[in-house]
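A quick write-up on the structure given underneath.
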Amino acid sequence: KSINNTTYIKSIARCLLILGKHQNVCDIIKESGLKIAQHDWELWTLYGYALLYLGSTLQAKEAFQNALQNTCQVEPFIALAKCQIAEKDYKSAIFVLRRATEISPNDLHLATKLGILLYTTGIVSKGIEKIYEADGQTNTPELALTIAMGTILQEIKQDIDGAFQRYRQSDVFECPILWNNLGICFASKSKYVAAITCLKRAFFLQPLDWRINYNLGLINLKLKQYASSFQFFKNTVAFCTVPNPNLLTLL
């Protein structure tokens, strides 16, 4: 194979990305790929991913924007929105994902991402509308859509049984968010043993998630297991990246 073959270069870059050799991806694309085909959107997208993993968010955004100048595929849109979310530029991320849904209106994965972003950034009604719209187009929702629908039923509609039904539709069992939400459902029904079982499963899968630690702390506090509760709240304060002075009052 020739190093001047862009298909070959892209295959190597994808393998290196999987191996976590992000600097090597940047080197091979910059030194070979883009010199051969500077308008290849896939090369720019792979280059952007590598830069993003290296922590160069600004350069990654530029790479994804270059990709978008040469394609109408949704992948660079999603990647660019990911950069903007990392920078907490939610307004720009929403704009980018909305533009992508205009190009690919039947992409359920894209619609779900936009709905979740709207919902979690406070544009609740629009987020719910977009999530319902995506849910109405499929009988076999992906995990993100299942969790989004369950969360709406759980938090907004207060329909715990409906949320249970949604979560049980999932065939992905190694998801900490799913087990966390199931635990909260059981806690809402005062079934604390089942709640702790689910939350500990979530904790096993993602022990550094402050929300899981927080929920375990609350349930243990309810059950008067003060030592365990203190440890989980201590973890919550340590792992929470968002400043929240109210967490300190739990210790």
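The values are calculated or read from the model by the stated rules, or taken from the named source; none is laboratory data. Note that the structure is a prediction, hence the values are computed from the model and not measured. Here Cβ is always computed from backbone atoms with ideal geometry, including for glycine, and neighbour counts include all displayed protein chains.
Tell me, please, whether a residue that is modelled with pLDDT of 90 or more, on the phi > 0 side of the Ramachandran plot and out of contact with any Cys (no Cβ under 9 Å at 6 or more places or on another chain) can be found in region 179-197.
yes
Mind listing whichever residues of region 17-38 are modelled with pLDDT of 90 or more and not in a helix (DSSP H, G or I)?
19, 20, 21
If we keep just the residues of region 152-198 that are acidic (Asp, Glu) and outside any helix (DSSP H, G or I), which is farthest from residue 218 (Cα to Cα)?
171
Given the options 100, 163, 148, name the one that is over 14 Å from the mean Cα position of the chain (by Cα) and touching a residue at least 24 places away in the same chain (Cβ under 8 Å).
The match here is 100.
For region 22-36: of the residues being farther than 22 Å from residue 81 by Cα, surrounded by 16 or more Cβ atoms within 10 Å (Cβ to Cβ) and of a type outside the set (Val, Ile, Thr), which is farthest from the chain's Cα centre (by Cα)?
32
Go through (1) basic (Lys, Arg); (2) assigned to a loop (DSSP other than H, G, I, E, B); (3) within 26 Å of residue 132 (Cβ to Cβ) and name the single condition residue 224 misses.
Among (1) basic (Lys, Arg); (2) assigned to a loop (DSSP other than H, G, I, E, B); (3) within 26 Å of residue 132 (Cβ to Cβ), residue 224 violates only (3).
Just to verify a result, which residue in region 52-64, among those that are more than 19 Å from the chain's Cα centre (by Cα) and in a helix (DSSP H, G or I), is surrounded by the fewest Cβ atoms within 10 Å (Cβ to Cβ)?
Ranking the qualifying residues of region 52-64, first place goes to 58.
Listed here are the residues, each with its yes/no results for (1) more than 20 Å from residue 153 (Cα to Cα); (2) aromatic (Phe, Trp, Tyr); (3) touching a Pro at 6+ places or on another chain (Cβ under 7 Å).
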position	(1), (2), (3)
188	no, no, no
192	yes, yes, no
195	no, no, no
198	no, no, no
204	yes, yes, no
219	yes, no, no
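Answer yes or no as to whether residue 209 is surrounded by 15 or more Cβ atoms within 10 Å (Cβ to Cβ), among the acidic types (Asp, Glu) and closer than 27 Å to residue 128 by Cα.
Here the answer is yes, as residue 209 does meet what is asked.
Out of region 129-145, which residues are surrounded by fewer than 18 Cβ atoms within 10 Å (Cβ to Cβ) and outside any helix (DSSP H, G or I)?
136, 137, 138, 139, 140, 142
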